[in-house]
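The values are calculated or read from the model by the stated rules, or taken from the named source; none is laboratory data. Bear in mind that the values here come from a model prediction, so they are computed numbers and not experimental data. Here the Cβ is made from the backbone with ideal geometry for all residues, glycine too, and neighbour counts use every protein chain on show.
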Amino acid sequence: MELYQLTAHELHKLLIGGEVTAQEITRSVLERIAQVEKKIHAYITVSPDLALTQAAQADEWIKKGQAGPLTGIPLAIKDIICLQGMPTTCGSHILENFYPPYEATVIEKLKAAGAVFVGKANMDEFAMGSSTENSYFGPTYNPWDLERTPGGSSGGSAAAVAADECIAALGSDTGGSIRQPAACCGVVGVKPTYGRVSRYGLVAFASSLDQIGPLTKDVRDAAQLLTVISGHEPRDSTSINLPVPDYAAHLGKEIKAVKIGVVKECFEEGLDLEVKASFWQAVNTLAQLGAEIKEVSLPHMPYAVAVYYIIAPAEASSNLARYDGVKYGYRAKGVSELLSMYEQSRSQGFGAEVKRRIMLGTYALSAGYYEAYYRKASQVRTLIGRDFQEAFAECTALLMPTAPTPAFRLGEKVDDPLLMYLSDIFTIPCNLAGLPGLSIPCGFSQAGLPIGLQIIGNHFQEEIILQIAYAFEQHTDFHRRKPNL
Amino acid sequence: MKISKEEVAHVAYLARLHFNEEEKEKFTTQLNKILEYMDQLAKLDTSRIEPTFHAVAQTNVFREDIVRPSISQELSLSNAPDRDRGFFRVPKIID
Amino acid sequence: MEYEAIIGLEVHAQLLTESKIFCGCSTLFGAEPNTHTCPVCTGLPGSLPVLNKKVVEFTIKAALATNCRIAPRSQFARKNYFYPDLPKGYQISQYELPLATDGYIEIQVDGGKKKIGIQRIHMEEDAGKLIHDFSSAREAHSYVDFNRTGVPLIEIVSAPDIRSPEEASAYLRKLRAILMFLDICDGNMEEGSFRCDANISLRPKGEKGLGVKTELKNMNSFRNVQKALDFEIRRQTALLDQGEKIIQETRLWDAARGVTASMRGKEEAHDYRYFPDPDLVPIVIDPAWVEEIRSTLPELPDAKKERFIQEYGIPEYDAEVLTSSKPLANYYENCVRFFPQPKIVSNWIMSELLRELKKDEREIEECSVPAENLAALLRLIDEGVISGKMAKSVFEEMYQTGQKAEEIVKAKGLSQLSDAEALTKLVEDILAAHPKEVAEYRQGKEKVFGFFVGQVMKATQGKANPRLVNEILKKKL
């Protein structure tokens, strides 16, 4: 077994037992990257120097007995999170050479925990996409089938974890961008409750929906990573001031008599048959473990995609107005006049999907349309939130498939935006309601493509969904399968 | 037809984006398709529903009026596409 | 055709907090460019705003002092537009839920008091500074300094209750005084901490509807506001009289040429696409907090003026002048404390002191004559040590040198001769030396009296106590 194939908690045991050093682990991961990165293209920037420096530092701490669960563990960071010393590109031409003069809170926390950063992971430009095909730097390829996408927008993070090009990764999730690629790549992905993890230093896409979260090889790693990055942040007004549990400590509890609701609206239209089959098998497994399965309804769920694709682009159109070529980022050459500078810089700097969403969002907020679109969508958002609360009155957690299909082919949906948007149909409702949700592998298609199960909890109940996920995971071995690379 | 090519041009101006004719055509078609999909929201009666603008309800988040260190001028300008004498520099603005 | 002007004013006032509205950068004026910035106020990717509590406190103060209703729930909104001095491509402001609404202030107009309504007061962030020319050389560039970005502002929008340029000026003066009395704004129009834009339309006298309004900008002093409004009234009157329509537009005041000029052509359709800022949570104002703030409010201009009239028995005009600024009002009251003759103190401050300050273009805070010193001078006059006339030159000396009255009087030996015996002897000598003039006076030539006074003054180098001199002369003649 290579070091790069292990989980963080397995490596931690080896580290504190003195059997292996952090530098050895990092070198193992860097070698793995050298081996497969050409095929996967999970990274925009690989940072071997930083990683080895951090690993050496981690070894010092381990020697002093100051190691935590993440000390010396190589991580990939989605390139939408500010990390100093290298570019933070957001997968975009417009920030290709942007060196942030400050760092995200989650980075500060991970550094304090002794983690190692091996690189910045590829992503759909400004987190807008479900396949990582919208990256200025080229797509990432699904380790399970190199002709397919890894999902998106955190496709680089998910693929890196699946391909062992890192031990764990951070992604961001606005409409499913952690969970959906996790499902496509057969890894664990967690979107925390809105406000659980600080957004300070997370380049904003849709402010009322964005959250940073872990992508990992198993549930225990996700729980540990989540504990480290969570917490109140005075520099983020939307950060919630609640204590952070040790999420890993809750794992292993039985789920007997835990009421779990299956959302019936997931099965109303053409759901991929293999996804459906894996899903019901997973439900069965949970029932065997003692959970009480019920059917619940989220009647406004069919409207969630429409609501999301008004609110998210609207907020994005405003958040991306700062990319104007004045203070940082790409400025078009040969412009001698202000309007041209704006138009050329932005038109040349942004890709098609970003421009499409900016247009959609600008329209939804514009005079005469604000009421019909943005405000209306925000009202339906309230209805969606209420549906969830009614469901949670009867159940502790909810189940849905993560994605309507397994990973799709590169190029399959890129020319049909609406079709691409519908890939998020099961993940979007969570973001609208601010609820925590995770995806764990629950099966494989005939073609050997991973399928994900989504578990959703009520606000700030991450420990419950992690518990359920852990119980399921320990009873199955989907998480132990690795792609053939 | 929910949005005309002229409206698309106007929205593009508001967003400071420039499209050639072909792109304008393509966008108009795509945006129309997407906006038609949004029409289903009109079916819902939301007349007595308060909008949700924040995912998790919270109020009154403040900080104290204390001065904290700024970043240096050098760091502030470090990513500037064009700079001069401590300022960010842009094409002349004609008022 | 007689027209009535309908005027509304929009004031932007910079608040005197230590740090900016959404970040901890300093608000101090005059630093090197881009040295008071951080990721938040320069809109770096990933930065987030956090509200300065003092800004809310100051805004509540302004609302209370202007009789506004404070909203139980208030929210920030994004005002989206592109300009190089706006780093995020939007300004964080307030739209549907401002902090305060429906207030008023009272102004003095000929014929009494008038209430001018205040529609709303809301909080927002200031933009950066643009420099277009460093020297007279033609520049191909403009330069941006973000030090000012994020400095807290309150925007105060009046109701269109103002009917003349004079009323506009009175409103601005009163509003500015209130904000300065509250110590929340330093009211410096030249430096831009108190800015004013105007909206003006005309309608035929007696009609109820509203005419087409124009917006006026770029007026950087009270006088300029008045002049610009005067000009615009004349311009619109002329157009309407000729049967032409007024175009709704923004016009810039050109102080050098004394005209308003249209921005047409450079004006674009501004669709600000306001929506609630998702990065900032709503503000819920606890009534207890409001009461706590209310209890800390200082005495405001109107109340102070009334009190001065009652307590000091000075005329309304004097009270108005003395309470036009808090430091001046304090100076007056300090002086009266040391020399409790309020009318005399008032006269002296309003004539001598303010004249000297105006000559130097200094504020009362920089006055070289502390209140006790002025009081001491007034006491010297009262005690007859020096004459009123002499006191005026002593005061000038005090103002130039900062010395006390007694020191100057002593150094220059200026104390009045008030020794009746000595003066009597002197008068007798003078009368004896000028028998011709004495005879003339006794024959009815009253003007000669002045000659004798002059002689006494000459003999005493102006130091004789004039009252006594008059008394003694009359007795002797």
Flagged in the range B:74-95 as among the β-branched types (Val, Ile, Thr) and more than 7 Å from chain C (Cβ to nearest Cβ), in numbering order, are B:Ile94
Check: Any residue in the range A:383-396 that is among the aliphatic types (A, V, I, L, M), closer than 30 Å to B:Ile93 by Cα and within 12 Å of another protein chain (Cβ to nearest Cβ)?
Finding: no
In the set C:Val336, C:Val369, the lone residue that is outside any helix (DSSP H, G or I), aliphatic (A, V, I, L, M), more than 20 Å from C:Glu106 (Cβ to Cβ) and under 23 Å from the mean Cα position of the chain (by Cα) is C:Val369
Result of the Cβ filter at 6 Å on the range C:143-161, keeping first residues that are away from chain B (no Cβ under 14 Å) and partners that are surrounded by 24 or more Cβ atoms within 10 Å (Cβ to Cβ) and small (Gly, Ala, Ser), at least 6 apart or interchain, is C:Ile154/C:Ala13; C:Ile154/C:Ala62
Exercise for review: Evaluate the following for C:Leu16: is it not in a helix (DSSP H, G or I) and not aromatic (Phe, Trp, Tyr)?
Suggested key: yes
Only unsatisfied item for A:Val116, checking (1) under 18 Å from A:Val29 (Cα atoms); (2) surrounded by fewer than 24 Cβ atoms within 10 Å (Cβ to Cβ), is (2)
Log entry, pairs with first residue in the range C:242-254 being free of Cβ contacts under 8 Å to residues at least 60 places away in the same chain, second being hydroxyl-bearing (Ser, Thr, Tyr), beta carbons closer than 6 Å, six or more apart or on different chains, reads C:Glu249/C:Thr214; C:Glu249/C:Ser262; C:Arg251/C:Thr214; C:Arg251/C:Thr260; C:Arg251/C:Ser262; C:Trp253/C:Thr260
Counting only residues in the range A:174-193 that are in contact with a Ser or Thr (Cβ under 7 Å, 6 or more places away or on another chain) and either charged (D, E, K, R) or part of a loop (DSSP other than H, G, I, E, B) (or both), the one farthest from the other protein chains (Cβ to nearest Cβ) is identified as A:Val187
- prompt: Has the range C:317-332 got any residue that is part of a helix (DSSP H, G or I), under 22 Å from C:Glu407 (Cβ atoms) and modelled with pLDDT of 90 or more?
  reply: yes
>> Considering only the range A:328-344, I want to know if a residue exists there that is touching a Gly at 6+ places or on another chain (Cβ under 6 Å), assigned to a helix (DSSP H, G or I) and surrounded by 22 or more Cβ atoms within 10 Å (Cβ to Cβ).
In response: yes
Restricting attention to the range C:91-121, the residues that are modelled with pLDDT of 95 or more, of a type outside the set (Asp, Glu) and out of contact with any Ser or Thr (no Cβ under 9 Å at 6 or more places or on another chain) number exactly 7
C:Phe338 meets each of (1) under 29 Å from C:Lys389 (Cβ atoms); (2) exposed (fewer than 15 other Cβ atoms within 10 Å of the Cβ) with one exception, condition (2)
- Within the bounds of the range C:189-196, is there any residue that is at pLDDT 95 or above, away from chain B (no Cβ under 14 Å), within 19 Å of the chain's Cα centre (by Cα) and over 19 Å from C:Ala13 (Cα atoms)? no
Within the range A:205-239, the residues that are touching an Asp or Glu at 6+ places or on another chain (Cβ under 6 Å), part of a loop (DSSP other than H, G, I, E, B) and either under 16 Å from A:Thr174 (Cβ atoms) or not assigned by TED's automatic domain parsing to the domain that holds A:Gly91 (or both) are A:Ala206, A:Ser207
### Residue check, A:Leu438 more than 12 Å from chain B (Cβ to nearest Cβ), more than 26 Å from B:Arg16 (Cβ to Cβ), of a type in the set (A, V, I, L, M, F, W, C) and surrounded by 19 or more Cβ atoms within 10 Å (Cβ to Cβ)
yes
Over the range B:36-73, the set of residues within 9 Å of chain C (Cβ to nearest Cβ), surrounded by fewer than 18 Cβ atoms within 10 Å (Cβ to Cβ) and acidic (Asp, Glu) is B:Glu64
Selection from the range A:214-272 of residues among the hydroxyl-bearing types (Ser, Thr, Tyr) and closer than 29 Å to A:Asp164 by Cβ yields A:Thr216, A:Thr227, A:Ser230, A:Tyr247
Okay, strands (runs of 3 or more DSSP E) sitting entirely in the range C:155-260 with 1 or more residues that are surrounded by fewer than 16 Cβ atoms within 10 Å (Cβ to Cβ), I get C:194-204, C:250-254
Matching residues in the range C:60-78 (away from chain B (no Cβ under 13 Å) and of a type outside the set (A, V, I, L, M)) number 5
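Considering only residues that are outside any loop (DSSP other than H, G, I, E, B) and modelled with pLDDT of 95 or more, which ones fall in the range B:14-39?
Going residue by residue through the range B:14-39, those that are outside any loop (DSSP other than H, G, I, E, B) are B:14, B:21-39.
Selection gives B:Leu14 alone.
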Here the residues within the range A:106-146 that are hydrophobic (A, V, I, L, M, F, W, C), outside any loop (DSSP other than H, G, I, E, B) and touching a helix residue (DSSP H, G or I) at 6+ places or on another chain (Cβ under 7 Å) are A:Val106, A:Leu110, A:Val116, A:Phe117, A:Val118, A:Ala121, A:Phe126
| task | Inspect the range A:396-411 for any residue being surrounded by fewer than 21 Cβ atoms within 10 Å (Cβ to Cβ), closer than 30 Å to A:Ala257 by Cβ and modelled with pLDDT of 95 or more and give the result as yes or no. | result | yes
